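The values are calculated or read from the model by the stated rules, or taken from the named source; none is laboratory data. Computed from a prediction, not measured in an experiment: that's the story for all the values here. Cβ atoms come from the backbone with ideal geometry, glycine included; neighbour counts cover every protein chain shown. All accessible areas refer to the heavy atoms of the entire protein, side chains included, with ligands and DNA or RNA removed. Shrake-Rupley method; radii C 1.70, N 1.55, O 1.52, S 1.80 Å.
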Amino acid sequence: MLTVRAPATSANLGSGFDVFGVALSRPADVVRVEKADRTTIEVTGAGSQYIPEDPEKNTVGAVAEALSAPAHIEIDKGVRPASGLGSSAASAAAAAVALNELYDRGKTRKELVPIAAKGEAVVSGDAHDDNVAPAILGGFTIATDDGVRTVDADVPLVACLPDIVVSTRDARRVVPDGAKVSQLVETVGNAATLTTGMHRDDPDLVGAGMYDSVVTPARAKLIDGYDDVREAAFDAGATGVTISGAGPTVIAACHEGDRRDVGVAMLDAFDAHGVDSQVYQTRIGEGATLFD
Ligand SMILES: Nc1ncnc2c1ncn2[C@@H]1O[C@H](COP(=O)(O)OP(=O)(O)OP(=O)(O)O)[C@@H](O)[C@H]1O
Ligand SMILES: N[C@@H](CCO)C(=O)O
């Protein structure tokens, strides 16, 4: 039996809608695989009661199919589904790395990205790379139609997951059809600032580049208390705050010494809206890790 740990991920980071992603040092899914005649799936852990074990409906089933690698797959969920923390992608990424090894398919990590993305298509209708790329490769990733570029960045982050469910499918329905040229100019500037910050491990530049006026405001309406949580995080020292993935997690960049205060401020602000939440004091981390 082979075991792979794949991390939670945060896509978009505000200005990089459907392009930017980061691997988080925590939380993570753990996937174990064993050769079998047909694929069977067993799910335990965070939110497992909401995750189908039918291979046609679980992201790992699509990955096993794409690699022609039938297996018994055990998924221990550390990343709650519909969180905005790349829950479905963590399982798909772990399965891709594990099954590639189990069946000796010889694919490189980069070649496994579009294979894991087939799992994402099962749940959201589209094969996005922006969560599976960092889940497999680690660091900060830029996923475009031309492929994936990676930056081995290290920036402290705080992710606050409220007890609200927002599915990616629903959050994509509220994305505006278009944007003004002035918003395009602003977004290019912010995305460039953020990318420079990643190269320099600079939380101030990363935070400044996280602002987005196109997709984030539309999605914020789906997250009770978002505006207050954002403001509270800034007051506590965050350098940038935005929605993680499709939400409802709110993610903040900050300096190392401010992580605790930022986390507490976000928890309290959700609490003031009657919403329970949990905080991960995390940072940009590694991609999927294989254990024997
Ligand atoms: N292995 C899996 N792990 C988690 N969710 C899964 C898995 N397989 C299928 N699903 C389904 O995928 C949906 C959750 O995926 P969704 O993309 O909405 O959330 P997410 O992965 O946490 O968010 P995001 O992509 O915004 O970061 C749920 O309906 C869940 O049942
Ligand atoms: N880029 C995707 C991430 C969620 O899979 C979105 O924001 O809809």
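General observations
- Antiparallel bridges, percent of DSSP beta bridges restricted to segment 7-161 (to nearest 5): 75
- Between S167 and K221, the modelled label-to-label distance comes to 2.0 nm, taking each label 7 Å out from Cα in the direction of the beta carbon.
- Distance from segment 72-121 to segment 230-283 (C-alpha centre basis), Å: 27
- The alpha-carbon of K110 sits under 14 angstrom from the alpha-carbons of these aspartates and glutamates, leaving out residues fewer than 8 places away in its chain: D129, D130, D145, D146.
- The spacing between segment 1-54 and segment 147-206, judged by their C-alpha centroids, is 21 Å.
- Within the listed set D227, D201, D104, the Gaussian network model of the chain (springs between alpha-carbon atoms below 10 Å) gives the highest mean-square fluctuation for D104.
- Listed residue pairs exceeding 26 Å between alpha carbons, taken from K35/K107; K77/K118; K77/K221; K118/K221: K77/K221; K118/K221
- By accessible area, using a 1.4 Å probe on protein heavy atoms only, segment 156-283 has 49% of its surface on carbon and sulfur.
- Overall form of segment 156-283 per C-alpha gyration tensor (a/c, 1.5; a/b vs b/c): oblate
- For segment 156-283, the residue among V215, A236, V181 whose Cα projects farthest onto the positive side of the dipole built from Cβ charges is V181.
- Annotation: per residue accessible area for the chain equals 42 Å², rounded to a whole number [probe 1.4 Å, protein chains only].
- For the chain, the square roots a ≥ b ≥ c of the C-alpha gyration tensor eigenvalues yield an a/c of 1.5 or more together with a/b exceeding b/c, which makes the shape prolate.
- Net charge dipole size for the chain [Lys, Arg +1 and Asp, Glu -1 on Cβ; Debye, nearest 20]: 420
- Environment charge at N12 (Cβ cut-off 12 Å; Lys +1, Arg +1, Asp -1, Glu -1): -1
- The GNM of the chain, with springs linking C-alpha atoms under 10 angstrom apart, assigns the highest mean-square fluctuation among A23, A66, A246 to A66.
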